[in-house]
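What follows is a single structure, written as structure tokens, with notes after it.
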Amino acid sequence: MTPGTFLDPYAAIIVGGGTIVAAMLRTPSADLARALHALVTLPRRRFTAEPLLEQVGALSRIARRHGTIALDRSVIVDGDVAIAIALIVDGEGAEGVARELRHRRRARIERHAAAADAWTGMAEVAPAMGMVGTLVGLVAMFTQMSDPRAIGQAMAVALLATLYGALIANLVAMPIASRLRAAARAEAFERARLEAPLAALAAREAPRAPVAPVSFSPAREDAS
């Protein structure tokens, strides 16, 4: 038995093409594009906030020595930290900075969940497409009972379609979805660590409202 025994273009087209079409029909195009783009992140290391926390500490020291306006000239690659520093430079308080960071973290979680859901959907559809391929092969077999060679080819399509559906679901789509969810959970946890130091920096550098001077009028002595 050779590896070519398990290769059949008709079964591959039915299962692979059907899975792709079903994913396109059930998933918004933006989420589907995000799911495909997420593949490039799989080989990367898990996200850690340590480098960003060190950068926030360095920015805090810069602000203490040279003032908040000096932060505006800093080069910040991470989007969340950049937005938070921009708000701090503009005079936003701790609550506003924390609220913006929480909003961006929730939006990122939703995007990651949508990408993982797209791959989960493919894992659900692939076995069904394998069953479709099996039915197509059986129909072809029963309509060509007089040709033994055609019967063998149709039976190969029927069996290999089921095999392809199981392999795509359990060895491709579902592992990708699981790894994307695990990476998203780790990144969400790590990014939550940025909120406290950035909010503390905002609280320290937020402009204080000037205190109005209190005037005292000298007491008048009643003329006797």
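Filtering segment 129-160 to residues that are polar (S, T, N, Q) and part of a helix (DSSP H, G or I) leaves THR134, GLN153.
Apart from one condition, ALA196 fits all of (1) open to solvent by 50 Å² or more (accessible area, probe 1.4 Å); (2) touching a residue at least 60 places away in the same chain (Cβ under 8 Å); the exception is (2).
In segment 9-47, which residues are hydroxyl-bearing (Ser, Thr, Tyr) and assigned to a helix (DSSP H, G or I)? Break it down stepwise before answering.
Step one: filter segment 9-47 for residues hydroxyl-bearing (Ser, Thr, Tyr), giving 10, 19, 27, 29, 41.
The answer is TYR10, THR19, SER29, THR41.
Would it be correct to say that ILE62 is surrounded by fewer than 16 Cβ atoms within 10 Å (Cβ to Cβ), part of a helix (DSSP H, G or I) and not small (Gly, Ala, Ser)? Yes. GLU124 meets each of the listed conditions (1) open to solvent by 40 Å² or more (accessible area, probe 1.4 Å); (2) farther than 19 Å from GLY18 by Cβ apart from (2).
Could you say which residue among ALA209, ALA158 is open to solvent by less than 50 Å² (accessible area, probe 1.4 Å), at pLDDT below 95, over 22 Å from ARG105 (Cα atoms) and not basic (Lys, Arg)?
Details: ALA209 fails: open to solvent by less than 50 Å² (accessible area, probe 1.4 Å).
Residue meeting the stated conditions: ALA158.
The requirement of being hydroxyl-bearing (Ser, Thr, Tyr), under 25 Å from ARG108 (Cα atoms), touching a helix residue (DSSP H, G or I) at 6+ places or on another chain (Cβ under 9 Å) and at pLDDT 90 or above is fulfilled nowhere in segment 52-60; no residue meets it. Of all residue pairs spaced 6 or more apart or on separate chains, those with beta-carbon atoms under 8 Å, a first member in segment 138-158 that is among the hydrophobic types (A, V, I, L, M, F, W, C) and a second member that is surrounded by fewer than 12 Cβ atoms within 10 Å (Cβ to Cβ) and modelled with pLDDT under 80 are ILE151/MET145. Could you list, in sequence order, all residues of segment 1-20 that are open to solvent by 80 Å² or more (accessible area, probe 1.4 Å) and either touching a Gly at 6+ places or on another chain (Cβ under 7 Å) or within 17 Å of ALA118 (Cβ to Cβ) (or both)? Correct list: ILE20 only. Once segment 161-193 is narrowed to residues that are assigned to a helix (DSSP H, G or I) and of a type in the set (D, E, K, R), the residue that is surrounded by the most Cβ atoms within 10 Å (Cβ to Cβ) is ARG191.
The values are calculated or read from the model by the stated rules, or taken from the named source; none is laboratory data. Predicted model, so just to flag it, every value in this text is computed and none were measured. Neighbour counts run over all protein chains shown; Cβ positions are idealised from the backbone, glycine included. Calculation scope for accessible area: heavy atoms of the full protein, side chains included, ligands and nucleic acids excluded. Shrake-Rupley method; radii C 1.70, N 1.55, O 1.52, S 1.80 Å.
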